[in-house]
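To start, the structure itself, in structure tokens.
The values are calculated or read from the model by the stated rules, or taken from the named source; none is laboratory data. All values derive from a computational prediction rather than experimental measurement. FYI the Cβ positions are ideal-geometry reconstructions off the backbone, even for glycines, and counts take in every protein chain you see. For accessibility, only protein heavy atoms count, side chains too; no ligands or nucleic acids. Shrake-Rupley method; radii C 1.70, N 1.55, O 1.52, S 1.80 Å.
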Amino acid sequence: MKEKNWQFETEVIHAGYHSDECQGSLIPPLYQTSTFVFTSAEQGEKRFAGQENGFIYSRLGNPTVKILEDRVAELEKGEAALAFSSGMAAVSAVLIALTKTGDHIICSQGVYGCTFGLLKLLKEKYGISHDFSKMNSIEEIENGIYPNTACIYIETPINPTMKLVDLEMIAKIAKEKGIPVVIDNTFCSPYLQTPLTLGCDIVIHSATKYICGHGDVLAGLVIGKTEFIQEVSRTTQKDIGGIISPFDAWLLLRGLKTLPVRMDRHCENANRLFEFLKDHPKIDKVYFPGDSEHPDYAIMQKQMKKPGGLLSFTVKGTKETAQMLINQLELIKIAVSLGDAETLIQHPATMTHAVVPKEDRKKMGIEDTMLRLSVGLEAWEDIRDDLEQAIRKI
Ligand SMILES: *Cc1c(COP(=O)(O)O)cnc(C)c1O
């Protein structure tokens, strides 16, 4: 429900909440309750039959969670949204809703490690096959589509190689073939990229990352057409049960307010660190969508507001050289996850992508010497100095 034509910076603070419906509370109240009281047997009957709006039980909906969902739907320019207990709860609810035994999924070459694990599970246990595609050209996509292809699943920028997929191009082919396009928009947040406006059908977030922004919540989000969202809400969310807690939804509402301010700083810091790393004699390659020599730079300019706050780089040497580098860091923390105020570094080959077999990692472009940096909100000079002293020791 959109009342005003607000800009993004205003929507993150106000969309989806009406203080006059909540005793004037400036901040959305936390409805920390498992269930809701009916005034009569008939009211309970009507609510279960869908003949009367209202809450029933917090796995089926909760007022605090609803404010978050309405706000995020606005931010992603979608019709409706659902919140989950983790990004993977969101990914699995969507993929299970869209597929049945015998179906096929086309997936971008390179996905989050657990999404890779989920695809493997769907194949081994339920006979839902998948292929990875570089998605570089129209022909490549068209050749990868079979009569049983149920959806196209994309990450862009791809974790951790920072390759991009041209969303408008994919959406156009998919529309012609009537296949839904699902995109994991975690790396961008809706501030940098709104895939629904480019013709994609379903957006997923690990809200654990930039949307929360404070490293204290695990959560997931799904945004799309009302019909699809209602279907997920009635099936794979309700019956599998990966719902968000009201308190976590409340924390996300709090984190979201500063999303544009934080993203601007993440992006600015990442840009400066890219400049520092790219000419460093001990660094081999830097992978950053803001690099004007990046093969996908034109795609970045077309579909992203800014290049983002993440970059990966390879060190000259071996896996052990990469590990030695991160062991020397003092300010930067060795941790998976991203999008927090703290700068985090991780080693994909042995951490987030350890579940991916070495040959598949190679195809995805994940080298043993690669490190991924989630650039935080600290003074960029301090992050640079920490990297510099650690690199000097390898
Ligand atoms: C973290 C992440 C996920 C999984 O999210 P969780 O909240 O950890 O379950 C999925 N996709 C991407 C791109 C991620 O970075």
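Data overview
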{"item": "Residue within region 298-309 that is at pLDDT 95 or above and on the phi > 0 side of the Ramachandran plot present", "result": "yes"}
{"item": "Residue satisfying all of: in region 187-210; open to solvent by 10 Å² or more (accessible area, probe 1.4 Å) and within 8 Å of the chain's Cα centre (by Cα); farthest from Ser133 (Cα to Cα) among these", "result": "Lys209"}
{"item": "Subset of region 278-302 (residues that are crowded, with 21+ Cβ neighbours inside 10 Å and part of a helix (DSSP H, G or I))", "result": "Met300"}
{"item": "Exclusive hit being acidic (Asp, Glu), at pLDDT 95 or above and within 15 Å of the ligand (Cβ to nearest atom), set Asp201, Asp131, Asp166, Asp184", "result": "Asp184"}
{"item": "Given (1) in a loop (DSSP other than H, G, I, E, B); (2) within 21 Å of the chain's Cα centre (by Cα); (3) over 27 Å from Cys107 (Cβ atoms), index of the condition Leu329 fails", "result": "(2)"}
{"item": "Filtered residues of region 223-241 (kept if under 18 Å from Ser58 (Cβ atoms) and outside any helix (DSSP H, G or I))", "result": "Lys238, Asp239, Ile240, Gly241"}
{"item": "Residue list for region 77-99, filter: away from the ligand (no atom under 16 Å from the Cβ) and farther than 19 Å from Cys114 by Cα", "result": "Lys77, Gly78, Glu79, Ala80"}
{"item": "Of all residues making up region 144-165, the number that are within 17 Å of the chain's Cα centre (by Cα) and either on the phi > 0 side of the Ramachandran plot or of a type outside the set (Lys, Arg) (or both)", "result": "13"}
{"item": "Scan of region 322-337 for residues that are in contact with a His (Cβ under 8 Å, 6 or more places away or on another chain) and within 16 Å of the ligand (Cβ to nearest atom), ordered by number", "result": "none"}
{"item": "Single residue of region 175-186 satisfying the filter (touching a residue at least 24 places away in the same chain (Cβ under 8 Å) and outside any strand (DSSP E or B)) that is farthest from the chain's Cα centre (by Cα)", "result": "Lys177"}
{"item": "Sole exception among (1) buried (at least 22 other Cβ atoms within 10 Å of the Cβ); (2) more than 16 Å from the ligand (Cβ to nearest atom) for Pro28, by number", "result": "(1)"}
{"item": "Region 352-367, residues that are open to solvent by less than 10 Å² (accessible area, probe 1.4 Å) and not in a loop (DSSP other than H, G, I, E, B)", "result": "Met364"}
{"item": "Every pair of residues 6+ apart whose Cβ atoms lie under 7 Å, when the first sits in region 375-389 and is among the aliphatic types (A, V, I, L, M) while the second is open to solvent by 50 Å² or more (accessible area, probe 1.4 Å)", "result": "Leu377/Arg265; Ile383/Leu331"}
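Yes/no matrix, rows are residues, columns are (1) open to solvent by less than 50 Å² (accessible area, probe 1.4 Å); (2) out of contact with any helix residue (DSSP H, G or I) (no Cβ under 7 Å at 6 or more places or on another chain); (3) farther than 19 Å from Lys282 by Cβ; (4) assigned by TED's automatic domain parsing to the domain that holds Glu155:
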| residue | (1), (2), (3), (4) |
| --- | --- |
| Ile345 | yes, no, no, no |
| Thr350 | no, yes, yes, no |
| Thr369 | yes, no, no, no |
| Arg384 | no, no, no, no |
